[in-house]
Amino acid sequence: MASSVIEGIDTRRLVRVLRSSGAQQGHHRLLGGFTAALVERARRLPGMEGQDLASKVSCKKPYEWTQGVAGREAAGAHARRGGGRLRK
């Protein structure tokens, strides 16, 4: 299974652009570099306006994550020890 990696970008600038301008159109390649064909392919993508992108990447129904994350406590363990109480 191939995985995408984005490196060599200013992530703080990316966040500023996304916050001020919203979602951006783009295209990426797993291997190789920048090409004019890649830019043209991105330009032919449908516009972002009116698209419901969250429905394309979201799960169909809610579920509870209980597996935890490597190097961290399992989900809910902190709350079960009393550390998850909210304060006013």
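Values quoted throughout were computed directly from the atomic coordinates according to the rules given, and no laboratory measurement underlies them. Everything quoted here is computed from the prediction, not taken from an experiment. Every residue, glycine among them, receives a Cβ derived from its backbone with ideal geometry; neighbour counts consider all protein chains shown.
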For the Trp65, Ala36 Cβ pair and Förster radius 30 Å, calculated FRET efficiency rounded to 0.05 is 0.10
HN-Hα couplings for the range 65-71 via Karplus (6.51, -1.76, 1.60; θ = phi - 60°), in whole Hz with x for Gly/Pro, come out as 8, 10, 7, x, 10, 3, x
Given 37 °C, 0.692 mPa s and a Kirkwood radius over Cα pairs, the Stokes-Einstein diffusion coefficient of the range 7-47 in µm²/s is 277 µm²/s
